[in-house]
Amino acid sequence: MTISPLMPVYGRCEVEPVRGDGCYLYDAEGREWLDFASGIAVNLLGHGHPHLVGAIQKQAATLMHTSNLYKSPAQVSLAERLVALTFADTVFFTNSGAEALECSIKTARAYHYATGNPHKYRILTFSNAFHGRTLATISATDQEKLRKGFEPLPDWFRVLPFNDLAAAEAAIDESIGAFLVEPVQGEGGIRPATPEFLKGLRELADRHGLLLILDEVQCGVGRTGTLFAHEQYGITPDIMAIAKGIGGGFPVGACLATERAATGMVVGTHGSTYGGNPLAMAACEAVLDVVTEPAFLAHVNEMSTRLRAALEQMIPNHDDLFDHVRGMGLMLGLKLKSDSRAFVNHARSHGILTVAAGDNVVRLLPPLIIEEHHIRECVDRLSAAARAYAPAAAA
Ligand SMILES: *Cc1c(COP(=O)(O)O)cnc(C)c1O
């Protein structure tokens, strides 16, 4: 047998973390990395945050799992909290981002079915999107690397150019029931939607009886400096998928919807064995306790301004390598003039973890609790990596 016991679907790097503390990860030999990846925008309170750890420990000892066959006071109170904090009237809890998208897609389908328009089953999505790895969510993107080997995929989606409102308008026909879009594309290369685009999609949806589904799995929960990214665009969706940051490291997601959009989601239409289990609910409550503290988002915005400025100051010293900084809040992208994956690999040996994204972007997704000294350290380590990188890049 040549296949590894662990199904070989990841090209894993050499880093082998065994312990985390705040904004740092450590391996068994005590090697340290500054973690500006946060498990891909997940550990938004860093590693080992006492309030989050305490909440999970307490809940684990009290009640870990029951079933959605029974009433769940923990789900009710978290749903009430999310409803109070957002546009939404109702929430379904999932275990992951892709599952939150599946529920969002089903909610849109069920809405049109229940309101007498079952022919409005198609959803318009946008190029370089990432919505997950399930069969439905890979069919919602045009990224070849996600689709290859799994075609034919259902034709429930039509993929259009991102930030092109005219193309979106032109694509609307009788089969279209919704738009699905990330306010800030993550995997696609930290590309924020333009205000005209997102506002325009909202207007088109209203005018044509479509639903607007936002994927805030990566950009939500304080990451961009507001609780949800769409707040900065002055619009609200009908349906929103969240995950990643909301559990702070515990696997959990949610589909949030307005009462109208959830018209079709009646008893028996959806379910999940684990979704919303008490342990997940405790983790989310703990994360929200911290993120909704009055000064928390101001801190995210202050750190964002400082990190962006520090990165921009670094660029002229390495202008053969670095191009520009983009993004919102602490969801920043450093655009390179060469392959970002190679630089991310190289930077690890200088003690900093980042994530490569599309369009040769290095994603900087630090824990939202970073302080100024982490920013200095980030720039020092990236600069050192860049200095040592130039000869390799030329070779
Ligand atoms: C990570 C991500 C997903 C998928 O989440 P999983 O928990 O990996 O299923 C979906 N959409 C966006 C924007 C993401 O970044």
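The values are calculated or read from the model by the stated rules, or taken from the named source; none is laboratory data. Because the structure is a prediction, the values reported are computed rather than measured. Cβ sites come from the backbone with ideal geometry, for glycine too, and all protein chains shown count toward neighbours.
Data for the structure
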item: Whichever residue in segment 141-174 is over 22 Å from the mean Cα position of the chain (by Cα) and aliphatic (A, V, I, L, M) and, among such residues, is surrounded by the most Cβ atoms within 10 Å (Cβ to Cβ); result: Ala168
item: Unmet requirement for Pro17, which otherwise passes all of (1) of a type outside the set (A, V, I, L, M, F, W, C); (2) touching a residue at least 60 places away in the same chain (Cβ under 8 Å); (3) surrounded by 11 or more Cβ atoms within 10 Å (Cβ to Cβ); result: (2)
item: Some residue of segment 140-148 being of a type in the set (Gly, Ala, Ser), away from the ligand (no atom under 16 Å from the Cβ) and at pLDDT 95 or above; result: no
item: Residue in segment 116-123 that is surrounded by 23 or more Cβ atoms within 10 Å (Cβ to Cβ), hydrophobic (A, V, I, L, M, F, W, C), assigned by TED's automatic domain parsing to the domain that holds Gly264 and touching a Leu at 6+ places or on another chain (Cβ under 8 Å) present; result: yes
item: Residues (within 11 Å of the ligand (Cβ to nearest atom) and buried (at least 23 other Cβ atoms within 10 Å of the Cβ)) located in segment 98-115; result: Glu99, Ala100, Leu101, Glu102, Ser104
item: In segment 251-272, the residues that are within 12 Å of Glu102 (Cα to Cα) and either surrounded by fewer than 24 Cβ atoms within 10 Å (Cβ to Cβ) or within 11 Å of the ligand (Cβ to nearest atom) (or both); result: Gly253, His270, Gly271, Ser272
item: Single residue of Ala110, Ala100, Ala168 found to be more than 19 Å from His208 (Cα to Cα) and of a type in the set (Gly, Ala, Ser); result: Ala100
item: Filtered residues of segment 81-95 (kept if within 16 Å of the ligand (Cβ to nearest atom) and surrounded by 22 or more Cβ atoms within 10 Å (Cβ to Cβ)); result: Phe92, Phe93, Thr94
item: Filter result (within 11 Å of the ligand (Cβ to nearest atom) and not charged (D, E, K, R)) within segment 129-139; result: Ala129, Phe130, His131, Gly132, Thr134, Thr137, Ile138
item: Filter pass, Val221 being touching a strand residue (DSSP E or B) at 6+ places or on another chain (Cβ under 7 Å) and over 26 Å from Ala110 (Cα atoms); result: yes
